[in-house]
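What follows is a set of notes on a single structure, which appears directly below.
The values are calculated or read from the model by the stated rules, or taken from the named source; none is laboratory data. What you are looking at is a predicted structure, and each value in this text was computed from that prediction instead of being measured. Cβ placement follows ideal geometry from the backbone for every residue including glycine, while neighbour counts extend to all protein chains displayed.
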């Protein structure tokens, strides 16, 4: 009887040991889960905003690899938590990729305003160049705009870098830089207000001259009126004095 009990106990022990061994092997074979999954963004929509072609509303989740497009008279704000925030203007199109270190965007059209905290990384590609922002100590606030065949980058805070096929430009706060095929045309556009001011100055000068001439004519008329009617008669270049008794209806005769 004792032998039978010992045998049952041994079998039970071996069975438990086998189960424990099997469980440990399965646990080791299973992949380890990342304790910090990739971040996700949150959308705040003003008007019609499409994500991957689907019309979205505020509160929608933005995943890495999403394409965001705003319709006319619409805008969007994408919050990425510790990575920062970006604002899309009406008529903008952006492809967005991100991970825990930062984000990368491909801006096709429109204007993008980026708010970047310290240590975060951001790179924005356009058809004209690459905008890079990264500072370990300072935050950055900058705008990237694609329009009229060029890319305009303006920094409101911090420092960003614009790389193009021609050169690399460092942009600090309250400064901007351009890249693209239409930069020369932009120079004339920038000077246009000055030209307009010059043209306006010419028009103003002409107006002053015209007013002065009119005032002079009025003064002459007033002077002639005060002096009374002329008592002289001019006939073929010869001045003839008329006496008070002469007929005022006298005319020159040839």
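Counting only residues that are over 21 Å from residue 110 (Cβ atoms) and over 15 Å from the mean Cα position of the chain (by Cα), the stretch 162-179 holds 8 of them.
Remark: pairs (first residue in the stretch 43-57, touching a residue at least 40 places away in the same chain (Cβ under 8 Å); second residue surrounded by 19 or more Cβ atoms within 10 Å (Cβ to Cβ) and in a strand (DSSP E or B); Cβ separation under 9 Å; 6+ apart in sequence or on different chains) = 47/70; 47/75; 47/76. Going by what's in this entry, would residue 139 be described as buried (at least 17 other Cβ atoms within 10 Å of the Cβ) and either free of Cβ contacts under 8 Å to residues at least 40 places away in the same chain or on the phi < 0 side of the Ramachandran plot (or both)? No; evaluated as a whole, the condition is false for this residue.
Might you check whether a residue that is at pLDDT 95 or above, in a loop (DSSP other than H, G, I, E, B) and surrounded by 13 or more Cβ atoms within 10 Å (Cβ to Cβ) occurs anywhere in the stretch 19-41? Among the residues of the stretch 19-41, not one is at pLDDT 95 or above, in a loop (DSSP other than H, G, I, E, B) and surrounded by 13 or more Cβ atoms within 10 Å (Cβ to Cβ), which makes the answer no.
Entry remark, the stretch 66-76: residues being within 16 Å of residue 124 (Cβ to Cβ) and surrounded by fewer than 18 Cβ atoms within 10 Å (Cβ to Cβ) number 1 in total.
Go through the stretch 110-149 and give me each residue that's assigned to a loop (DSSP other than H, G, I, E, B) and closer than 16 Å to residue 178 by Cβ.
Of everything in the stretch 110-149, those that are assigned to a loop (DSSP other than H, G, I, E, B) and closer than 16 Å to residue 178 by Cβ turn out to be 126, 127, 128, 129, 148, 149.
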